[in-house]
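The values are calculated or read from the model by the stated rules, or taken from the named source; none is laboratory data. Note that the structure is predicted; figures quoted are calculated from it, not measured. Positions of Cβ are generated from backbone atoms using ideal geometry, with glycine treated the same way; all protein chains shown enter the neighbour counts. Each accessible area value is taken on the protein alone, full model and side chains, heavy atoms only, with ligands, DNA and RNA left out. Shrake-Rupley method; radii C 1.70, N 1.55, O 1.52, S 1.80 Å.
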Amino acid sequence: MLEKIAMLQVRALADQAFAAREARDRILTGVRDAAFGEQTPARGAHNPTAALGFDTLPETDPHRRALEKALSAFPVSARRELWAFVLIGRGEYALKDWERAMADVNRLPDVSVSLFMEQADLHECLTKAIYELERV
């Protein structure tokens, strides 16, 4: 399944995303949800600040910089695999649909670092996909 990126790299990236998310959430503590407007109804509980991704972290934040550096180190082909993995973690594809997920990701014009940095729940998505893969 994963050819361009190793599972250990995915785990390390998930850990970095978790640290960045914690730093981000500390900044947003106490910010009123009303300031972010209405949310589109969907399944589960939603945090309106999730749409902000990691943009609330200053560019100089060490957690943000570490996550961006780790993502930048991957070639585009590895980031494409990683994005398919994120989509599986989000539940957009089942693990058995890996080939279809990769085909859809390969049709994207760009899988840049900023795409991942828009995902405040990056850690959760990666962790869920790792869990799915380990169950097989």
Extension length gain for residue 118 and residue 8 (0.36 nm per residue less Cα distance), in nm, is 37.3 nm
Please report the relative contact order for segment 56-136, taking Cα pairs under 8 Å with a sequence separation of at least 6, and give it as a percent rounded to a whole number.
-> 36
Where the Cα atoms of segment 90-136 are projected onto their three principal axes, how long is each span, largest first, in whole Å?
-> 30, 24, 13
Accessible area, probe 1.4 Å, largest first, for residues 112, 77 | 77, 112
Heavy-atom SASA rank of 97, 15 (probe 1.4 Å, accessible area, largest first) = 15, 97
Trypsin sites (Lys or Arg not before Pro), restricted to segment 67-113: which are DSSP loop and have at most 13 other Cβ atoms within 10 Å?
-> 107
Given unit charges at Cβ for Lys, Arg (+) and Asp, Glu (-), the dipole magnitude of segment 49-107 about its Cα centre in debye, nearest 20, is 120
Any idea what diffusion coefficient segment 67-108 gets from Stokes-Einstein, in µm²/s, Kirkwood Rh on alpha carbon pairs, 25 °C, 0.890 mPa s?
-> 233
Long-range HN-HN contacts of residue 93 with modeled amide H, under 5 Å | 88
